[in-house]
Amino acid sequence: MALQLGDVVPDFTQESTEGRIDFHKWLGDSWGVLFSHPKNFTPVCTTELGAVSKLKKEFDKRNVKIIGLSVDGVVDHERWSNDIEETQGAKLNFPLLADADRKVSDLYGMIHPNASDTMTVRSVFIIGPDKKLKLTITYPASTGRNFDEILRVIDSLQLTAKYKVATPVNWKHGEDCIIVPAVSDVEAKGLFPKGWKPLKPYLRVTPQPNL
Ligand code: BEZ
């Protein structure tokens with residue numbers, strides 16, 4: 001069965017460009033983003049890996065470890081990383097799993113045979129410090145992902161984990177949040193000293209609590 005939100009993500013040991021990874025141990029107490037690429041030496045993947053390398057410090061700031069996956073071997077990954085640096089102006093600065101035996105791809109359902117039975121789709125898994133799956137998205141091979149959106153979701157997830165807020169449509173860091181319905185007005189008084197605007201009893205808008 002496909003992985004579902006709230007599931008503890010499967011553990012694995014696999015080779016990578018930064019040596020052998022014991023996944024749960026490697027994650028430690030951090031958040032994690034695991035994402036797959038259809039194949040080495042392909043154009044869209046090359047742009048994505050360059051973009052994620054440039055964003056690495058944004059993931060670090062949020063205590064998020066990022067790790068990519070491609071169904072090719074380490075030597076191939078290392079050759080490809082030279083192309084990424086040359087064409088995208090960024091050196092690969094996070095591990096890329098060498099999943100030539102498809103161990104991880106199969107565990108995580110990254111191969112969708114009706115799309116391709118040899119390449120992975122573009123999967124993203126956001127994993128919490130509790131090792132539970134917080135988000136999954138799947139893009140086709142031909143569409144590069146928007147990693148600013150991944151960071152936006154992480155900001156939202158981390159706010160929800162720490163404060164009892166959700167984030168509205170198209171929310172971005174710095175904008176107002178919504179008090180989750182499970183919090184009563186009495187409880188909210190203690191939790192949200194900046195107050196809130198009750199547009200409806202179930203729609204209470206409050207400034208982002210950690211600013
Ligand atoms: C790409 O990364 O450019 C790509 C990979 C597989 C199919 C189509 C595009």
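Readers should treat all values here as calculations from the given coordinates under stated rules, not as data from a laboratory. Here the structure is a predicted model, which is why all the values come from computation and not from measurement. A quick note on method: Cβ atoms are made from the backbone with ideal geometry, for glycine too, and the neighbour counts reach across all protein chains shown.
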Discussion item. A141 - would you say it is in a loop (DSSP other than H, G, I, E, B), more than 30 Å from H112 (Cβ to Cβ) and of a type in the set (A, V, I, L, M)?
Written reply: no
Worksheet entry | Of residues in the stretch 40-61 being among the hydrophobic types (A, V, I, L, M, F, W, C) and assigned to a helix (DSSP H, G or I), the one farthest from the ligand (Cβ to nearest atom) | F59
Discussion item. For the stretch 62-75, give me each residue that is in a helix (DSSP H, G or I) and either touching a residue at least 40 places away in the same chain (Cβ under 8 Å) or crowded, with 16+ Cβ neighbours inside 10 Å (or both).
Written reply: V74
Worksheet item: Identify, please: which residue in the stretch 149-190 is out of contact with any strand residue (DSSP E or B) (no Cβ under 8 Å at 6 or more places or on another chain) and among the aliphatic types (A, V, I, L, M) and is, among those, nearest to T138 (Cα to Cα)?
Response: L151
Response to the item:
Counting only residues that are within 15 Å of the ligand (Cβ to nearest atom), loosely packed, with under 15 Cβ neighbours inside 10 Å and within 22 Å of S156 (Cβ to Cβ), the stretch 111-137 contains a total of 0
Discussion item. Which pairs turn up if I take residues in the stretch 20-43 that are touching a residue at least 12 places away in the same chain (Cβ under 8 Å) and closer than 19 Å to I154 by Cα and look for partners that are within 16 Å of the ligand (Cβ to nearest atom) and in a helix (DSSP H, G or I) with beta carbon separation below 6 Å, at least 6 apart in sequence or on another chain?
Written reply: none
Practice prompt. Looking only at the stretch 101-120, decide whether some residue is farther than 24 Å from G50 by Cβ, among the β-branched types (V, I, T) and in a helix (DSSP H, G or I).
Written response: no
Worksheet entry | Test result for D176, closer than 29 Å to V9 by Cα and surrounded by fewer than 18 Cβ atoms within 10 Å (Cβ to Cβ) | no
Discussion item. Here's a check for you: in the stretch 19-39, which residue that is of a type in the set (A, V, I, L, M, F, W, C) and away from the ligand (no atom under 16 Å from the Cβ) is farthest from the chain's Cα centre (by Cα)?
Written reply: I21
